[in-house]
Amino acid sequence: MSEMNEDIYAAPGEATGDATYYVNGHDWDDVIASQSERADEIIVVNVGPVHPSTHGVMRFVMELDGETIQSMRPGIGFLHTGIEKNMEYRTWTQGSAFVTRMNYVSGIHNEAVYSMAVDKLLGIDDKIPRRGQDLRVLQLEINRIANHLTATGANCLELGATSPQEVGLRERERILEFVEATTGLRMNNAYIRPGGVQADLPDDGIELLDQLIVDMKNNLHEIADYTLGNPIFKARLQGAGYLDLTGCTMMGATGPVLRAAGIPWDLRKTQPYLTYDQYDFDVCYENTCDAYGRFKIRCDEMYQSIRIIEQVRDALVETRGEPFRVEDERLHWPSDLTIGQDGQGNSNEHIKEIMGQSMEALIHHFKKVTQGFKVPAGQVYVAIEGPSGELGMHVVSDGGTKPYRSHMRDPGFHHVQALPLMCEGGMLSDMIMAVASIDPVMGGVDR
């Protein structure tokens with residue numbers, strides 16, 4: 001933290017501070033030297049860089065008066081990967097494999113919003129087959145449950161409550177087994193791609209889905225049973241991380257953070273996409289404006305996701321055998337992907353279909369994979385309801401085979417910058433609950 005003469009944080013016309021510090025990770029000696037001359041009892045505490053529970057690596061520089069937070073400044077960037085820049089040198093299809101790595105908990109949502117943006121640039125967003133849209137919705141809602149299991153479990157773990165975390169990990173493992181059986185991978189799937197999805201359900205996909213639904217309905221209630229009525233849990237979360245509607249609007253908060261402030265704003269309902277307008281479900285919201293309300297919303301939303309999944313399941317039975325992506329040879333590999341019997345890698349049939357054709361076909365396959373397809377020039381912004389809030393994708397095309405620019409609006413970025421509003425004036429112990437309640441995945445925040 002180096003002292004500067006100019007206060008860049010001061011608004012136009014606002015008086016500048018006596019000293020301005022900028023957190024850059026190599027500054028602790030300067031902080032100590034500066035604060036040692038103060039006559040008051042304020043102490044500066046450096047929290048991090050740490051990996052609190054499963055959120056990711058971040059840092060907080062706080063001024064404390066006893067255990068009361070006087071000021072707080074988050075420090076991010078420790079997980080910056082340069083994904084958005086790297087995408088400018090990869091084909092449009094490869095983009096799905098990049099964006100899914102921005103958020104290692106809900107990557108399928110990143111794949112979906114990216115693919116929907118490319119679909120819109122291609123002018124095929126209204127041509128995706130019904131089965132392809134339903135398969136997207138299925139994976140999105142399953143991924144939403146997996147994300148909420150991680151968020152609620154991590155919240156409890158930061159309180160020292162291990163049992164809800166164990167339940168969350170157990171049920172998330174069931175979900176990952178289903179995801180692996182249907183996409184070939186447990187995470188970083190690149191399953192949702194421009195034009196639809198990469199593969200249809202396996203032959204036993206409906207049976208696997210039925211078993212997953214039964215397991216979720218039988219077991220998900222355990223987390224809420226452990227926590228929502230527990231007086232210790234309520235005492236720790238109620239009133240912690242307070243952010244009302246005014247603060248949410250000012251900081252761009254969405255998702256459970258906004259819905260806990262009393263606004264039933266969910267893009268699946270307010271701005272429907274894919275086939276969400278054809279399914280019956282409720283928007284969960286509370287009026288507490290605190291960490292407890294956000295936790296309860298996530299517990300309730302998991303059951304709403306199950307309602308959607310059950311309806312999608314019936315729709316997939318009706319459309320069995322129908323196309324699951326746009327029938328445009330530009331947008332998918334020359335042969336359909338089929339997974340090996342062990343659930344890992346490509347099946348022999350898949351390999352034979354590629355390699356057993358003519359040399360011209362193999363060359364055509366090579367060019368399609370290495371060069372990709374062209375996307376008309378233009379720019380779009382598409383937003384969906386991610387597990388943590390509005391997840392948006394801004395994509396710019398110059399008419400070539402690679403994105404000219406791509407940028408993800410990750411809700412965690414906005415929520416992390418809202419943490420000072422939630423925490424300043426509160427207790428240090430409440431800061432931990434505030435961080436857990438916004439469910440920040442720092443890979444998505446930093447990108």
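Taking residues in region 196-215 that are touching a residue at least 12 places away in the same chain (Cβ under 8 Å), and partners anywhere that are part of a strand (DSSP E or B) and surrounded by fewer than 16 Cβ atoms within 10 Å (Cβ to Cβ), not one pair has Cβ atoms closer than 6 Å while being at least 6 places apart or on different chains. Among the residues of region 378-386, is any of a type in the set (Ser, Thr, Tyr) and open to solvent by less than 20 Å² (accessible area, probe 1.4 Å)? No: zero hits. Checking each residue in region 258-270 for being part of a loop (DSSP other than H, G, I, E, B) and buried (at least 20 other Cβ atoms within 10 Å of the Cβ) picks out 260, 261, 266. Of the candidates 245, 274, 267, 258, the single residue that is on the phi > 0 side of the Ramachandran plot and modelled with pLDDT of 90 or more is 274. Quickly run through region 310-320 and pick out the residues that are open to solvent by less than 10 Å² (accessible area, probe 1.4 Å) and within 19 Å of residue 145 (Cα to Cα). Scanning region 310-320 gives a single hit, 312. Inclusion of residue 67 among residues that are more than 28 Å from residue 271 (Cβ to Cβ), open to solvent by 20 Å² or more (accessible area, probe 1.4 Å), more than 20 Å from the chain's Cα centre (by Cα) and in contact (Cβ under 8 Å) with a residue 40 or more places away in the chain is warranted.
Region 42-147 holds strands (runs of 3 or more DSSP E) entirely within its bounds, and those carrying 1 or more residues that are among the polar types (S, T, N, Q) map to 43-50, 68-75. Scan region 122-152 for residues that are open to solvent by 20 Å² or more (accessible area, probe 1.4 Å) and of a type in the set (A, V, I, L, M, F, W, C) and jot them down. Residue satisfying the conditions is 122 alone. When residue 233 is tested against (1) open to solvent by less than 20 Å² (accessible area, probe 1.4 Å); (2) over 30 Å from residue 262 (Cβ atoms); (3) assigned to a helix (DSSP H, G or I), exactly one condition is not met: (2).
Scanning region 286-305 for residues that are β-branched (Val, Ile, Thr) and open to solvent by less than 10 Å² (accessible area, probe 1.4 Å) yields a count of 1. Every condition in (1) modelled with pLDDT of 65 or more; (2) closer than 30 Å to residue 169 by Cα; (3) surrounded by fewer than 18 Cβ atoms within 10 Å (Cβ to Cβ) is met by residue 47 except one, and the failing one is (3). Filtering region 156-179 to residues that are among the charged types (D, E, K, R), at pLDDT 90 or above and open to solvent by less than 50 Å² (accessible area, probe 1.4 Å) leaves only 171. Annotation for region 142-157: at least one member residue is in contact (Cβ under 8 Å) with a residue 60 or more places away in the chain and either more than 20 Å from residue 436 (Cα to Cα) or touching a strand residue (DSSP E or B) at 6+ places or on another chain (Cβ under 7 Å) (or both). Looking across region 271-285, the residues that are free of Cβ contacts under 8 Å to residues at least 40 places away in the same chain and open to solvent by 60 Å² or more (accessible area, probe 1.4 Å) come down to 272, 277, 278, 280, 282, 285.
Selection within region 83-121: residues that are of a type outside the set (Phe, Trp, Tyr) and free of Cβ contacts under 8 Å to residues at least 24 places away in the same chain. The member of this set that is least open to solvent (accessible area, probe 1.4 Å) is 86.
The values are calculated or read from the model by the stated rules, or taken from the named source; none is laboratory data. None of the values given here were measured: they were computed from a predicted structure. Don't worry about glycine lacking a Cβ; one is built from the backbone with ideal geometry, like all the others, and counts go over all protein chains shown. To get the accessible areas, we keep the full protein, side chains included, count just its heavy atoms, and leave off ligands, DNA and RNA. Shrake-Rupley method; radii C 1.70, N 1.55, O 1.52, S 1.80 Å.
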